[in-house]
Amino acid sequence: MKIMILGGSGFVGSHLARRLSRDGHAISVVTRHPNGARHLAIVPRVQIRHFDPYDVDRLDAELADHDALINLVGILNESGRDGAGFRRAHIELVEIAIKACNAAGVTRMIQMSALNAGQGISHYLLTRGEGEQRVRDSGLDWTIFRPSTIFGPDDSFLDRFAGLLAISPVLPLARADAKFAPVYVGDVVEAFARALEDRASHGQTYELCGAETLTLRQVVEWVAHQRNMRRLVIALPDALGRVQGKVFDFVPGKPFSSDNFKSLLLDSVCNGNGFDSLGIEPWGMREKATEWLNHTGHGRQARYQRFRERFGRSGGRA
């Protein structure tokens, strides 16, 4: 198959492009920032397409010779605070993608969403739910995935907490008792790969959860333990957690926000795990993430160095 991926240069998209390439599919990764997709240029059968996916006419033309569209675009925070950024990413782009599919004659679409989409009071979850509804009403052969928080090497979940713990001996934590079922990125892309050509997945919404359920506090304390850091994690009452979110609304990069706080009011756990339907046995976070978290070095460069050393190419003279 020839597959176009929107959001294909990001964390999940990079893993998915490699996985689908191994299956022999031809992959078009759409990006407005080609430098951010350079790491995929060496992947067989992956082509980087440099254009704005919000340009519906260009998307129509580029999609014309494809068999399927996968939309992974999503944001955890917006630059403002009124929900406009979330609406643009989670609703407007979905509408554009559907129009492009109809114009190009592409009937297969897979949409990345999130657990609790359409529930609660956060802009993130509410716009995710509206985006899902647009897909359901599209008339396409759609599949929707709703993962819990996704983890993996260089993610924005475990690595974010590792970074915060590295610079502070005390970590005040909002919604410390919120529950997650962290899901391994490799399991998520396996679900996409299996559903892609499975007609039984058409019209289905799959919730994806890892093998264990943890509170946010347990996740953070486990990360600290893996990195051999003695840290004090303080659970904030909700009143202070809301204040923390509002303060971080104005911090560059928004490591936390008031909208994140609102999302955490709902536990990110599955009612029914879609992995079972797809024949996948998911990893648990604490059994899988030790592969990269418990090293003294971490990040892309550290893993590359360990790879070189393993094969005797550490850069020293013979």
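Go through segment 162-254 and name the chymotrypsin sites (Phe, Trp or Tyr not before Pro) that are in a DSSP coil and have 11 or fewer other Cβ atoms within 10 Å of their Cβ.
Details: sites: F180, Y184, F192, Y206, W222, F248, F250; in loops: F250.
When the chymotrypsin sites (Phe, Trp or Tyr not before Pro) of segment 162-254 are filtered for loop state and at most 11 Cβ neighbours within 10 Å, F250 remain.
Could you work out the local net charge near S138, counting Lys and Arg as +1, Asp and Glu as -1, over the other residues with Cβ closer than 10 Å to its Cβ?
Taking every other residue near S138 into account, the sum is 0.
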Report summary line: Given 6-18, 76-88, the highest-first ranking by average Cβ count within 10 Å works out to 6-18, 76-88
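If you take every residue apart from H123 with its C-beta less than 9 Å away from the C-beta of H123, what net charge results, scoring Lys and Arg +1 and Asp and Glu -1?
Numbers: positive: R81, R87, K262; negative: E78, D82, D259.
That works out to 0.
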Requested in this report: Can you tell me the alpha carbon radius of gyration of segment 100-225 divided by the globular rule-of-thumb value 2.2 N^0.38 Å?
Outcome: 1.25
Query raised in the report: To the nearest Å, what is the center-to-center distance of segment 116-172 and segment 1-58, using C-alpha atoms only?
Result: 20 Å
Report summary line: Where a ≥ b ≥ c are root eigenvalues of the Cα gyration tensor, a/c under 1.5 meaning rounded, otherwise prolate if a/b exceeds b/c and oblate otherwise, segment 22-164 counts as oblate
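Can you give the FRET efficiency to the nearest 0.05 for D137 and R194, using r as the Cβ-Cβ distance and R₀ = 25 Å? Mind dumping the intermediate values first?
Values: r = 25 Å, r/R0 = 1.00.
Efficiency at R0 = 25 Å is approximately 0.50.
Is the chain best put as rounded, prolate or oblate by its Cα gyration tensor, with a ≥ b ≥ c the root eigenvalues, rounded for a/c under 1.5, and otherwise prolate when a/b is larger than b/c, oblate when not? Before the final figure, lay out the partial values.
Details: a/c = 1.66, a/b = 1.22, b/c = 1.37.
Oblate shape, in that a/c is at least 1.5 and b/c is the bigger or equal ratio.
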Query raised in the report: Under a Cβ-Cβ limit of 4.7 Å, which cysteines in the chain have nobody to pair with?
Result: C101
Query - Set of lysines near K254 by C-alpha distance (under 19 Å), chain-local residues within fewer than 8 positions excluded - result: K246, K262
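Could you give the length gained by full extension between D177 and R160, i.e. 0.36 nm per residue of separation minus their alpha carbon distance, to one decimal place?
Numbers: separation 17, 0.36 × 17 = 6.12 nm, distance 1.82 nm.
Result: 4.3 nm gained on full extension.
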Query - Segment S168-K246, length gained on full extension (0.36 nm per residue, minus Cα span) - result: 26.1 nm
Query raised in the report: Could you state the number of Å between the C-alpha centres of segment 209-248 and segment 254-279?
Result: 15 Å
Query raised in the report: Using a basic spin-label model with each label point 7 Å from the Cα along Cα→Cβ, how many nm lie between E92 and Y54?
Result: 0.4 nm
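Compare the peptides 91-102, 134-145 by average per-residue count of other Cβ atoms within 10 angstrom and give them in order, highest first.
Values: 91-102: 20.5, 134-145: 18.8.
Highest mean packing first, the order is 91-102, 134-145.
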Query raised in the report: Put +1 on the Cβ of every Lys and Arg and -1 on every Asp and Glu Cβ in the chain; which of A68, S21, F145 then has its Cα farthest towards the positive end of the dipole?
Result: S21
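Considering only DSSP beta bridges whose two residues both sit in the chain, what percent are antiparallel, to the nearest 5?
Numbers: 2 of 38 bridges.
Looking only at bridges with both residues in the chain, the antiparallel portion is about 5 percent.
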Query raised in the report: According to a simple spin-label model (label point 7 Å from Cα along Cα-to-Cβ), what is the distance in nm between A64 and R22?
Result: 3.5 nm
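Which of the peptides 197-204, 153-160 is most tightly packed, and how do the rest follow, judged by the mean count of other Cβ atoms within 10 Å per residue?
153-160, 197-204
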Query raised in the report: How about K2: which lysines have a C-alpha closer than 23 Å to its C-alpha, ignoring those fewer than 8 places off in the same chain?
Result: K99
Report summary line: Here the gain from full extension of N271 to A84, 0.36 nm per residue of separation minus their alpha-carbon distance, amounts to 64.3 nm
Report summary line: From DSSP H assignment alone, runs of 4+ in the chain each adding -39500 (n - 2.57), the sum over residues rounded to the nearest 500 puts [θ] at 222 nm at -11000 deg cm²/dmol
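Values quoted throughout were computed directly from the atomic coordinates according to the rules given, and no laboratory measurement underlies them. In this text, all values refer to a predicted model and were calculated from it rather than measured experimentally. Ideal geometry is used to build each Cβ from the backbone, glycine not excepted, and the neighbour counts take in all protein chains shown.
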